[in-house]
1. Can you tell me which residue among GLU42, GLU68 is among the acidic types (Asp, Glu) and either away from the ligand (no atom under 15 Å from the Cβ) or surrounded by 14 or more Cβ atoms within 10 Å (Cβ to Cβ) (or both)?
2. Scan region 92-147 residue by residue and report those that are within 13 Å of the ligand (Cβ to nearest atom), among the β-branched types (Val, Ile, Thr) and over 20 Å from ALA10 (Cα atoms).
3. Of all strands (runs of 3 or more DSSP E) completely enclosed by region 154-211, which ones contain at least 3 residues that are in contact (Cβ under 8 Å) with a residue 12 or more places away in the chain and at negative phi?
4. Does ILE54 satisfy being within 23 Å of GLU209 (Cα to Cα), within 16 Å of the ligand (Cβ to nearest atom) and not basic (Lys, Arg)?
5. Among the residues of region 7-18, are any open to solvent by less than 20 Å² (accessible area, probe 1.4 Å), away from the ligand (no atom under 11 Å from the Cβ) and not hydroxyl-bearing (Ser, Thr, Tyr)?
6. Restrict the check to region 108-116 and report whether at least one residue is farther than 30 Å from SER166 by Cβ and in contact with a helix residue (DSSP H, G or I) (Cβ under 8 Å, 6 or more places away or on another chain).
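The values are calculated or read from the model by the stated rules, or taken from the named source; none is laboratory data. Remember, predicted model here, so these are calculated numbers, not experimental data. Backbone-built Cβ (ideal geometry, glycine too); neighbour counts: all protein chains shown. Accessible surface is based on the protein model in full, side chains and every heavy atom, while ligands, DNA and RNA are left aside. Shrake-Rupley method; radii C 1.70, N 1.55, O 1.52, S 1.80 Å.
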Amino acid sequence: MKRLRIAVFASGRGSNFTAIAEAADRGTLKADIGLLVVSDPEAGAIAVAESFGIPVAAVCRKEFDRREAYVTRLIALMHEHDIDFIALAGYMKKIPPELISLYAQRITNIHPGLLPAFGGRGMYGRHVHEAVLDYGCKVTGVTIHLVDEHYDHGPVIAQECVPVLSGDTPEVLAKRVLEVEHRLYPAVLACFADGRVRISNNRVEILPEKS
Ligand code: GRF
């Protein structure tokens with residue numbers, strides 16, 4: 001089986017990207033991280049990519065007059081870097097439908113909550129944890145899902161619960177959730193890299209490891 005080449009798309013500090021790059025470095029994720037795409041040339045994730053020797057492309061929608069040129073650039077990058085899988089990790093832009101159909105069932109996203117609750121437009125970062133606390137939820141968690149044309153939407157691949165504790169602030173809760181994110185995302189990508197993900201009728205199943 002060909003070794004998977006993953007592009008990570010990120011817009012911010014890149015702590016999930018770091019966890020993914022570390023797992024690939026360690027060999028627990030048997031894939032190559034072939035490219036980091038950022039939507040913001042100031043993204044902290046860029047320094048992480050440089051420290052791992054991963055190429056970076058900053059692709060900002062506003063630098064393109066026409067939407068088609070922006071989409072063409074993204075697709076060309078995927079081809080140039082021989083990318084067969086895309087992992088969104090804190091990417092704040094919508095993925096163009098052309099890229100979604102080109103990488104059908106090969107784009108994943110991580111969300112710091114239990115979808116379909118507390119997801120969708122405007123529900124990112126601190127906003128998710130604030131809403132969870134405002135609602136009085138006793139559990140929250142992490143969702144990793146396949147990406148479709150809607151925000152925070154698509155078949156769930158993996159979910160893990162995280163307890164909400166009395167006295168939690170959004171920051172404290174975010175930290176507890178992030179620890180799970182950093183473990184779960186590389187583990188899920190490792191399943192794709194090992195060919196242990198079966199998708200049928202929009203349902204995703206992780207197959208057991210061969211002994
Ligand atoms: C994470 O909480 C992730 O779930 C969400 O965006 C955040 C990105 O954080 N999609 P980081 O840049 O990986 O630290």
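1. Result: GLU68 is the single residue among GLU42, GLU68 that is among the acidic types (Asp, Glu) and either away from the ligand (no atom under 15 Å from the Cβ) or surrounded by 14 or more Cβ atoms within 10 Å (Cβ to Cβ) (or both).
2. Residues satisfying the conditions are VAL132, THR140.
3. 156-163, 203-206
4. In short, no.
5. Within region 7-18 (the criterion being open to solvent by less than 20 Å² (accessible area, probe 1.4 Å), away from the ligand (no atom under 11 Å from the Cβ) and not hydroxyl-bearing (Ser, Thr, Tyr)), the answer is yes, since at least one residue qualifies.
6. yes
Per-residue answers, yes or no, for (1) under 14 Å from the mean Cα position of the chain (by Cα); (2) basic (Lys, Arg); (3) surrounded by 12 or more Cβ atoms within 10 Å (Cβ to Cβ):
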site: GLN105; (1), (2), (3): yes, no, yes
site: GLY136; (1), (2), (3): no, no, no
site: ILE157; (1), (2), (3): yes, no, yes
site: VAL177; (1), (2), (3): no, no, yes
site: VAL197; (1), (2), (3): no, no, yes
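To keep it simple, each residue is scored yes or no on (1) hydroxyl-bearing (Ser, Thr, Tyr); (2) open to solvent by less than 30 Å² (accessible area, probe 1.4 Å); (3) touching a strand residue (DSSP E or B) at 6+ places or on another chain (Cβ under 9 Å); (4) closer than 18 Å to ALA193 by Cα.
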{"site": "ILE33", "(1), (2), (3), (4)": "no, yes, yes, yes"}
{"site": "ALA57", "(1), (2), (3), (4)": "no, yes, yes, no"}
{"site": "ILE83", "(1), (2), (3), (4)": "no, yes, yes, yes"}
{"site": "SER101", "(1), (2), (3), (4)": "yes, no, no, no"}
{"site": "THR108", "(1), (2), (3), (4)": "yes, yes, yes, yes"}
{"site": "HIS111", "(1), (2), (3), (4)": "no, yes, yes, no"}
{"site": "VAL128", "(1), (2), (3), (4)": "no, yes, yes, no"}
